[in-house]
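Data block below; observations after.
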Amino acid sequence: MCDTIPDFSNYTLATFNQTLLSDLTQCTPCICPIVLDGVILANTSYFPTLAGNALFAGIFGTLLIAQIVIGISHRTWKFLIAIVGGLVLEILGYGARIGMRFNMFTQTFFIMYLVCLTIGPAFLSAAIYLTFSHLIIIYSESNARFKPRTYTYVFISSDVVALLLQAAGGAMASISTPGSSSQHIGINIMVAGVAWQVFSLAIFALLSFDFFLRVRAAKRSLYAVNHSQTSAYLTLAEPSKKPDVVLFNPAFAEIRLRPRFRFFIFAIFAASVFIFVRSVFRCAELSGGFGGPLANEEITFMVLEGCMMILACTLLTVLHPGLVVGGVMWRMASWKSQNPEGGLDLDDYPGNDFGK
């Protein structure tokens, strides 16, 4: 990148070097404008900010280190794999934006940025879907519309479809000639992938909300029974008059009563909202094409893409399931740890401290 960008204001598309216009890969900011006569010649109409993208890459790198340490310490392997996949892609994406700043007319860093930041949130969504199946078991499967494994299979499969569409469409659009039919097709495929992710998140949010409404209703019902003292069994079984312990999965009674567990549920909900907002923005951005106004507004991008993902990842790190629930209890809350009768296979956890 030049120390001083030349003034190209006296040039037009007709008077500028036609050899360079016919092969923009030969251009650099020193000899070509990134925008000429309102036409975007470079990857974007702005030079990506070095400080901002480096800051975001650094934040995601810090969160990645924290996730690896916590995940290995508490052995929350599936959650770790999903989160690490998303964070690595975020780091690569913002690193590519830094590289793009110094290579505005080549496709390498543009493709890397586009694909990584487009598909990265799909991995974070997968972590949230996995978490929800654990929450169902921590409360009670009877309050869910479907089995925990059903939520896992359906939404993870949906995530894979969205990921494949976004990756394929992004790659196709970025290597195609600007304005060509193949680029439009690639963009449309990418938009379809992001739109599918938005749809999946919306359905997931509705089912999650329905589950917690049913949990709340069940709690109220049992509290009413205890209050009227119509159930001697419940009264004897729970001297502390916490009927939640009897109604729901007794193995996780202490977990549910932890104050930070409520913050954990809020964190999962808020992270889902942040990813949803980001996905709606990217859907609108990509619908306008690479030359559209949203695709060339860096501040909007940094807020609605970068900040949304930082907030989501921070919540999933500070309120990590290993820190809130404990690694052993988290693994016990997996549907694979449940026996056919719906209880826990406690023999799989001999000699463990379940508070870890």
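The values are calculated or read from the model by the stated rules, or taken from the named source; none is laboratory data. Remember, predicted model here, so these are calculated numbers, not experimental data. For neighbour counting, all protein chains shown are included, and Cβ atoms are generated from backbone atoms with ideal geometry for every residue, glycine included.
Which numbered condition in (1) exposed (fewer than 10 other Cβ atoms within 10 Å of the Cβ); (2) in contact with a strand residue (DSSP E or B) (Cβ under 7 Å, 6 or more places away or on another chain) is the only one that ASP3 fails?
It fails just one condition, (2).
Can you confirm whether PHE105 is at pLDDT below 95, farther than 14 Å from HIS320 by Cβ and either in the same structural domain as THR28 (by TED's automatic domain parsing) or assigned to a helix (DSSP H, G or I) (or both)? Steps first, please.
Details: at pLDDT below 95: yes; farther than 14 Å from HIS320 by Cβ: yes; either in the same structural domain as THR28 (by TED's automatic domain parsing) or assigned to a helix (DSSP H, G or I) (or both): no.
Spelling it out, it is not the case that PHE105 is at pLDDT below 95, farther than 14 Å from HIS320 by Cβ and either in the same structural domain as THR28 (by TED's automatic domain parsing) or assigned to a helix (DSSP H, G or I) (or both).
Looking at LEU80, is it modelled with pLDDT of 95 or more and in a helix (DSSP H, G or I)?
Values: modelled with pLDDT of 95 or more: yes; in a helix (DSSP H, G or I): yes.
Yes, satisfied.
Would you check if there is a residue in region 36-59 being in contact with an Asp or Glu (Cβ under 9 Å, 6 or more places away or on another chain), surrounded by 22 or more Cβ atoms within 10 Å (Cβ to Cβ) and more than 18 Å from ALA173 (Cβ to Cβ)?
Yes, region 36-59 contains a residue that is in contact with an Asp or Glu (Cβ under 9 Å, 6 or more places away or on another chain), surrounded by 22 or more Cβ atoms within 10 Å (Cβ to Cβ) and more than 18 Å from ALA173 (Cβ to Cβ).
Quick one: in region 1-42, of everything that is of a type in the set (S, T, N, Q) and assigned to a loop (DSSP other than H, G, I, E, B), which residue is nearest to ILE98 (Cα to Cα)? Write out each step before concluding.
Step one: of region 1-42, the residues of a type in the set (S, T, N, Q) are 4, 9-10, 12, 15, 17-19, 22, 25-26, 28.
Narrowing further to those that are assigned to a loop (DSSP other than H, G, I, E, B): 4, 9-10, 12, 15, 17, 28.
Values: THR4: 18, SER9: 26, ASN10: 29, THR12: 29, THR15: 31, ASN17: 28, THR28: 15 Å.
Going through the qualifying residues, I end up with THR28.
For region 248-268, does any single residue satisfy the condition of being closer than 18 Å to LEU130 by Cα and among the polar types (S, T, N, Q)?
No: zero hits.
Could you please find all residues in region 136-160 being out of contact with any helix residue (DSSP H, G or I) (no Cβ under 7 Å at 6 or more places or on another chain), assigned to a helix (DSSP H, G or I) and more than 28 Å from SER174 (Cα to Cα)?
Across region 136-160, the qualifying residues are SER142, THR150, TYR153, VAL154.
Hand me the list of helices (runs of 4 or more DSSP H) wholly inside region 246-331 holding 1 or more residues that are under 30 Å from VAL35 (Cα atoms) and at pLDDT below 95. Give the derivation first.
Numbers: elements: 253-256, 259-287, 298-301, 308-318, 321-324.
Hits in region 246-331: 259-287.
Based on this model, can you work out whether GLY58 counts as assigned to a helix (DSSP H, G or I), out of contact with any Ser or Thr (no Cβ under 9 Å at 6 or more places or on another chain), more than 24 Å from LEU163 (Cβ to Cβ) and at pLDDT 95 or above? Walk me through it before giving the result.
Values: assigned to a helix (DSSP H, G or I): yes; out of contact with any Ser or Thr (no Cβ under 9 Å at 6 or more places or on another chain): yes; more than 24 Å from LEU163 (Cβ to Cβ): yes; at pLDDT 95 or above: yes.
Yes, satisfied.
Checking the conditions here, which among THR131, THR177 is in the same structural domain as GLU90 (by TED's automatic domain parsing) and either within 25 Å of VAL273 (Cβ to Cβ) or buried (at least 19 other Cβ atoms within 10 Å of the Cβ) (or both)? Let's see the steps before the verdict.
Details: THR177 fails: either within 25 Å of VAL273 (Cβ to Cβ) or buried (at least 19 other Cβ atoms within 10 Å of the Cβ) (or both).
Matching residue, one of THR131, THR177: THR131.
Let's see how each residue does on (1) at pLDDT below 90; (2) under 15 Å from the mean Cα position of the chain (by Cα); (3) not aromatic (Phe, Trp, Tyr):
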site: ARG149; (1), (2), (3): no, no, yes
site: VAL154; (1), (2), (3): no, no, yes
site: ASP159; (1), (2), (3): no, yes, yes
site: ALA162; (1), (2), (3): no, yes, yes
site: GLY170; (1), (2), (3): yes, no, yes
site: ASN188; (1), (2), (3): no, no, yes
site: ALA192; (1), (2), (3): no, no, yes
site: PHE199; (1), (2), (3): no, yes, no
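Please state which one of ILE111, ILE70, ILE119 is assigned to a helix (DSSP H, G or I), more than 27 Å from CYS283 (Cβ to Cβ) and either touching a His at 6+ places or on another chain (Cβ under 8 Å) or at pLDDT below 95 (or both). Talk me through it step by step, then tell me what you get.
Numbers: ILE111 fails: more than 27 Å from CYS283 (Cβ to Cβ); ILE119 fails: more than 27 Å from CYS283 (Cβ to Cβ).
Matching residue, one of ILE111, ILE70, ILE119: ILE70.
Of these, LEU323, LEU316, which one is in the same structural domain as GLN67 (by TED's automatic domain parsing) and crowded, with 23+ Cβ neighbours inside 10 Å?
Values: LEU323 fails: crowded, with 23+ Cβ neighbours inside 10 Å.
Result of the check over LEU323, LEU316: LEU316.
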